[in-house]
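Undergrad: Could you have a look at this structure, given as structure tokens, before my questions?
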Amino acid sequence: MSNPIQPVRGMNDILPDVRSVWAAVESAAEEIFEAYGYQRIRIPVMERTELFSRSIGETTDIVQKEMYTFEDRNGSSVTLRPEATAGIVRAGLSNGLFHNQQQKLWCSGPMFRHERPQKGRYRQFHQLNVEAIGFAGPEIDAELIVISARLWERLGLESPNLELNSLGTPEARSGYREALQHYFSASKDVLDAESLNRLERNPLRILDSKNPDLGPLITSAPELSDYLDDDSKTHFERVQQLLSDVNVSYRLNPRLVRGLDYYSRTVFEWVTDRLGAQSAVCSGGRYDGLVAQLGGRNTPAIGWALGIERVVELIEAERLQILERQPHAYLAMAGEQARRQGFGIAENLRARVPGVRLFMDCAGGSLKSQLRRADHSGAHLALILGEDELSADQLSVKALREDTPQSMQSLDGVVSELLRVRGESP
Ligand code: HAM
């Protein structure tokens, strides 16, 4: 028998066991995109290579190191798309979609980057993209960001945090570029090979370095906000106001520069600490110069893309954490009167011990079966309320994971016990 054929490294089969999570992400996104007036577009997975070198930028990692580029049978250089924004703009130009028109578009599908595979980073991965082309005002920036926030809510995700920055106009950025070159050139002996390489080509990318030795140097580097032009500043302030108006919280991150060259003004990333090294689940920004750069008229535009694999992994990680979050205490109640009073007692205890995970038995039955459920829940303590406890105005506290005797305690005593177990297991 011949050896089975191996898959290409970094390219995954997406098996039926994860189909429902994938479907949940895709259908929630589609519903939200359509509700905000975005229409689906489908574009080819392969484009002429120059589309990407002209848009993403000759000096970026993607173009220099990560593209799947080859000659087709006619000898033309073609590339498997590493992202979708350039293709969407190309499609708009090829089909006359931007003539005196604004477009709100979304698309979905596989992207290809020859990166070093690890958890959350693949060579074939899937993105959901939204792009708004022809809109200059800050409302569209805020709208697009709100769409992503609504998607996290819909998926029940808690952890992505929004980071925001403004890169200003290309002119403002070139002043900043010079300032950075000047600043980092004075410390060439500290810079690693990659940063030295970036110093001439793209010094902003040094700010993205993951090398901890460069941390202090990067922290003290000049900040882009000091070089922003007035229009970009006003635009960025309004984006922030609009987000605050609808309670979308964010952190300003002056070091957020993004790895693609086409950005201007607003850029953002939703990041999480639950996926190891791959922290960005969704990223994007304005690209006001791109349509003109690819041969169209001057047209403002903005968009974002999320990595479906990362969102799916985050959903799984958060679900796991929810499952692992065992209660600190479980309240069991014997008799009608105890059930009635227990409800209020549980609320009282929750209010007095913020963050405590106190589960109240809602299934009923004998005390014995309630205590069995308490044990199964993984709780540290069982709190018992029966006739004796009711008449003494106390609760019995039974340790389920330690060998200590059961005791009757006043509410104050129970509060101290809960504070203790909450402190032991955050
Ligand atoms: P990007 O930051 O290169 O931006 O990628 C967007 C998202 O795709 C990332 O936040 C991440 O979740 C996911 N992603 C990127 N690379 C990988 C990988 N190797 N494996 C798994 N997931 C990955 C763009 O692509 C821009 N086109 C976004 C945009 C749209 N800007 C404006 N419009």
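Undergrad: In nm², what is the average projected area of the convex hull enclosing the Cα atoms of the chain?
TA: Average projection, Cα convex hull of the chain: 30.0 nm².
Undergrad: Compute the length gained on full extension between THR59 and SER220: take 0.36 nm times their separation in residues and subtract their Cα-Cα distance, giving the result in nm to one decimal.
TA: Stretched fully, the THR59-SER220 segment lengthens by 55.5 nm.
Undergrad: Once the Cα atoms of segment 12-75 are picked out, what are the Rg and Dmax in Å?
TA: Radius of gyration, then largest Cα-Cα span, for segment 12-75: 17.1, 44 Å.
Undergrad: Please report the base-10 log of the normalised intensity I(q)/I(0) for segment 295-426, using a Debye sum with one equal scatterer per alpha carbon and no solvent, at each q in 0.19 (1/Å).
TA: Taken in order of the listed q values, log10 I(q)/I(0) reads -1.04.
Undergrad: Want the number for MET11 to LEU252: 0.36 nm per residue separation, take away the alpha-carbon distance, what's left?
TA: Computed gain between MET11 and LEU252 is 83.3 nm.
Undergrad: For segment 187-279, what mean projected area does the convex hull of the alpha carbons give, in nm²?
TA: 7.6
Undergrad: Kirkwood-based Rg over Rh for segment 171-330 (C-alpha set), two decimals?
TA: Across segment 171-330, the Cα-based Rg/Rh ratio is 1.04.
Undergrad: Averaging over every viewing direction, what projected area does the convex hull of the Cα atoms of segment 327-374 cover, in nm²?
TA: Answer in nm², one decimal: 3.1.
Undergrad: When only alpha-carbon atoms count, how far does segment 216-258 stretch along each of its three principal axes, as whole angstroms with the largest first?
TA: In descending order, the Cα extents are 37, 23, 16 Å.
Undergrad: Still on this structure, please answer the following. Report, ordered by chain and residue number, the lysines lying within cross-link reach of LYS65, taken as a straight Cα distance under 29 Å and ignoring same-chain residues fewer than 8 apart.
TA: Straight-line reach from LYS65, under 29 Å: LYS119, LYS188, LYS210.
Undergrad: Ok, one more. So how compact is segment 60-102: Cα radius of gyration and Dmax in angstrom?
TA: In order Rg, Dmax, the Cα atoms of segment 60-102 give 13.6, 38 Å.
Undergrad: To continue, here is another question. In degrees, nearest 10, range 0 to 90: what is the angle between the Cα axis of helix 230-245 and the longest Cα principal axis of the chain?
TA: 30
Undergrad: Can you list which of the GluC sites (Glu not before Pro) found in segment 125-213 are DSSP loop residues with at most 14 other C-beta atoms within 10 Å?
TA: For GluC sites (Glu not before Pro) across segment 125-213 that sit outside H, G, I, E and B with at most 14 neighbouring Cβ atoms in 10 Å, the list reads GLU158.
Undergrad: Which lysines have a Cα lying under 28 Å from the Cα of LYS368, excluding residues fewer than 8 positions away in the same chain?
TA: LYS398
Undergrad: Same structure, new question: Using only Cα atoms, find the angle between the long axis of helix 19-35 and the longest principal axis of the chain, and express it within 0 to 90 degrees, rounded to the nearest 10.
TA: Helix 19-35 sits roughly 70 degrees off the main axis of the chain.
Undergrad: Follow-up. Starting from the 7 Å offset along Cα-to-Cβ, what nm value, one decimal, do you get for the label separation of SER377 and ARG154?
TA: Label at SER377, label at ARG154, 3.4 nm between them.
Undergrad: Can you work out D for segment 1-152 in µm² s⁻¹ from Stokes-Einstein, where Rh is the Kirkwood radius over C-alpha pairs, the temperature is 20 °C and the viscosity is 1.002 mPa s?
TA: 122
No value in this document is a laboratory result; all are computed from the given coordinates. Every value quoted in this text rests on a predicted model; they were computed, and no experiment measured them. In this analysis, Cβ positions are derived from the backbone assuming ideal geometry, glycine residues included, and neighbour counts consider all displayed protein chains.
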